[in-house]
Amino acid sequence: MAGSNPYKTYLNIFILLMFLTFVTVAVAQFDFGALNVPIALLVASIKAGVVALHFMHLKYEDSMTWVFALYPIFLMFLLIGFSATDIFTRVTN
Amino acid sequence: MTDHHDFDKNYLENGKGFKSWFFSVDHKRLGVMYLWAIGVFFVLAAIASFLIRFEHLSPGQTIVSAQTYNVLFTLHGAVMVFLFIVPGVAASFGNFLIPLMIGARDVIFPKLNLYSFWVYCAGSIILLGSLLAPVDTGWTFYTPYSIDTGTNVIMVTFGVFVLGFSSILTGINFIVTMHKLRAPGLTWDRLPLFCWAAYATSLLQVLATPVVGITLLLLIGERYFGLGFFDPAKGGDPVLFQHFFWFYSHPAVYIMILPAMGIISEVLPVFSRKPIFGYKAIAYSSLAIALISFLVWGHHMFTSGQSKLINIIFSVITFAVAVPTAIKVFNWLWTMYKGSIELSTAMLYSLAFIFLFTIGGLTGLFLGALAADVHLHDTYFVVAHMHYVMIGGTVFGLFSAIHFWYPKMWGKMFDEFKAKIAFVLIFIGFNVVFFPQFILGTQGMPRRYFNYSPEFAFLHQLSTYGTWILGVGFILMLYVLCRPTGPASANPYNSLSLEWQMPSPPPTLNFKEIPTVNDSTYAYGTKIEQEA
């Protein structure tokens with residue numbers, strides 16, 4: 001692990017995750033219309049990203065590990081993208 | 001765990017009894033156990049298919065009721081796909097061969113490897129436990145029927161969910177093994193092509209399997225808790241299930257076929273006595289197949305109410321996946337060109353693979369074409385196409401491997417002449433079963449139907465007679481393999497691959513000293529071979 005005290009980093013990440021959990025609950029109290037799901041996903045993605053970077057040590061890994069970590073995210077966008085393209089371009093009579 | 005380190009004993013002699021096998025972390029023993037397990041499930045599913053074909057000997061009811069027929073084709077499909085062909089070549093020969101081929105003493109996580117096998121056993125028991133209230137959905141579990149049927153969908157899908165973990169863990173093990181345990185000098189561009197194929201397969205297992213696991217959990221949630229993911233009445237979308245299911249199940253086709261392609265790449269150079277033609281093209285085409293296979297799943301859904309735009313996109317990409325596959329076939333053919341070809345049993349199965357898989361692959365392009373698919377979708381044409389790929393491809397590849405590595409695995413030889421007779425019966429039987437089904441499909445015979453119009457009777461009967469020839473061939477093959485003729489030498493086929501440079505059967509720890517690799521594995525007919 002590079003440089004600084006890892007326990008201090010872990011503690012900061014834990015506090016950040018707790019804060020973002022409150023954000024998740026707080027934004028759920030308001031109706032943002034079509035933005036409800038994107039906002040919830042954005043907060044969840046930040047939390048997942050922080051966990052992957054620090055608790056799963058991705059920040060300190062080599063490029064090959066990054067390829068293995070990022071490719072499934074590409075596949076997830078592919079699955080959602082193609083499925084959504086189908087659903088939003090269907091012609092129903 | 002039994003983990004003896006007695007180098008003088010081969011892996012078969014190193015401990016006797018159930019416990020010494022079921023608790024062994026030796027990759028070779030695990031490979032053999034997978035081979036036995038998939039063999040048993042193959043026989044079970046094959047019996048179901050013989051009953052299905054017997055039922056079609058005449059229109060209307062012949063031997064079983066319509067409901068039993070539905071159960072039989074579901075059992076055949078689910079067992080063949082999830083218990084036999086997905087673990088199939090990768091788990092059995094992958095486990096047995098990868099450490100031997102890369103010069104390692106075992107896979108990198110031996111205990112995880114054993115755990116994967118136990119999970120596979122647990123998933124199999126759960127899946128087969130569903131036979132208490134047999135499922136009638138077909139192996140695809142399509143909604144909405146899988147939500148409405150009164151049969152045991154939850155148990156069988158949970159079994160598949162558990163089996164997925166075995167697949168993922170095996171994939172992770174193989175990927176890390178090939179990154180970390182290759183012998184000195186065994187660079188990526190010297191790695192045996194079976195390992196390249198297993199590597200691409202492992203990527204698919206790790207990346208695609210979680211999606212089907214979650215999908216089946218959603219289906220269980222829908223059935224058990226009345227959630228509304230796929231039910232339109234609750235705001236769900238039944239076609240969404242098909243998107244999720246095929247996002248896994250199309251790459252799964254390549255989980256099944258890629259290791260068999262790796263076997264062909266190993267067998268052809270040995271019995272042609274020529275270096276493999278286009279090593280890099282074959283190696284990289286395995287990766288290309290793995291990547292493109294994630295982009296084509298929608299071609300299973302052209303008639304499911306999918307939008308026209310996405311139909312066109314999926315159709316175009318489907319044609320792209322034919323390119324890396326064709327690269328392999330052309331390179332295999334060129335490998336044999338002007339070679340000194342020896343028609344051993346393993347070579348015959350490999351040649352049959354190329355012939356039959358090419359038919360299966362090309363008929364897939366018919367189904368990828370939108371206009372043709374509207375006519376052919378859900379007909380016997382699809383059944384014939386997938387069996388030419390799965391049996392003509394994967395199973396013939398597996399049979400080639402069983403014969404090729406038989407001396408290495410068991411330390412014994414088999415009767416080549418009788419094995420060739422079994423091959424002829426299996427080859428003829430297979431084509432008599434499935435070629436008429438192409439014609440049935442083009443004439444409009446739907447798949448999975450219990451009954452059929454009398455004009456289809458002749459082709460249905462021909463197909464059924466073919467299963468009898470095929471069955472005799474299977475039994476003869478089994479008989480030949482169970483009656484070895486004598487001890488095998490270390491390298492009866494003069495192969496240059498690492499696994500043949502050790503006694504047959506291999507010692508428990510494979511290599512006394514980790515070897516250094518200086519040359520290509522495929523230097524047949526060159527100076528390197530003469531010096532070896």
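Quick notes on this structure:
- Single residue of B:L186, B:L207 found to be buried (at least 19 other Cβ atoms within 10 Å of the Cβ) and under 23 Å from B:F84 (Cβ atoms): B:L207
- For segment B:276-310, the candidate set comprises residues that are buried (at least 19 other Cβ atoms within 10 Å of the Cβ) and of a type in the set (F, W, Y); within that set, the residue that is nearest to the other protein chains (Cβ to nearest Cβ) is B:F294.
- A:I80 being within 14 Å of chain B (Cβ to nearest Cβ), part of a helix (DSSP H, G or I), within 16 Å of B:V206 (Cβ to Cβ) and at pLDDT 90 or above: no
- For segment B:118-132, the count of residues that are under 30 Å from B:L498 (Cα atoms) and out of contact with any Cys (no Cβ under 9 Å at 6 or more places or on another chain) is nonzero.
- Any pair with Cβ under 9 angstrom, 6 or more apart, that starts in segment B:174-188 at a residue that is more than 25 Å from B:K111 (Cα to Cα) and ends at one that is surrounded by 13 or more Cβ atoms within 10 Å (Cβ to Cβ) and acidic (D, E): B:G185/B:D519
- Of all residues in segment B:501-532, those satisfying the criterion of being assigned to a loop (DSSP other than H, G, I, E, B) and buried (at least 19 other Cβ atoms within 10 Å of the Cβ) are B:S504, B:P505, B:P506, B:T508, B:N510, B:T521, B:Y522, B:Y524.
- Checking each residue in segment A:60-73 for being exposed (fewer than 14 other Cβ atoms within 10 Å of the Cβ) and either more than 9 Å from chain B (Cβ to nearest Cβ) or touching a residue at least 60 places away in the same chain (Cβ under 8 Å) (or both) picks out A:Y60, A:E61, A:D62, A:S63, A:T65, A:W66, A:V67, A:L70, A:I73.
- Here A:V91 clears all of (1) within 12 Å of chain B (Cβ to nearest Cβ); (2) in a helix (DSSP H, G or I); (3) of a type in the set (V, I, T) except the condition numbered (2).
- Matching residues, segment B:141-195, being under 15 Å from B:G213 (Cβ atoms) and touching a Lys or Arg at 6+ places or on another chain (Cβ under 7 Å): B:I154
- Any hit, segment B:91-114, residues being under 19 Å from B:I220 (Cβ atoms), surrounded by 24 or more Cβ atoms within 10 Å (Cβ to Cβ) and either among the hydroxyl-bearing types (S, T, Y) or at pLDDT below 95 (or both): no
Per-residue answers, yes or no, for (1) under 21 Å from B:L291 (Cβ atoms); (2) within 14 Å of another protein chain (Cβ to nearest Cβ); (3) buried (at least 22 other Cβ atoms within 10 Å of the Cβ):
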{"position": "B:F314", "(1), (2), (3)": "yes, yes, yes"}
{"position": "B:T345", "(1), (2), (3)": "no, no, yes"}
{"position": "B:M386", "(1), (2), (3)": "no, no, no"}
{"position": "B:G397", "(1), (2), (3)": "no, no, yes"}
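The values are calculated or read from the model by the stated rules, or taken from the named source; none is laboratory data. Quick caveat, the model's predicted, so the values are computed rather than measured. Here the Cβ is made from the backbone with ideal geometry for all residues, glycine too, and neighbour counts use every protein chain on show.
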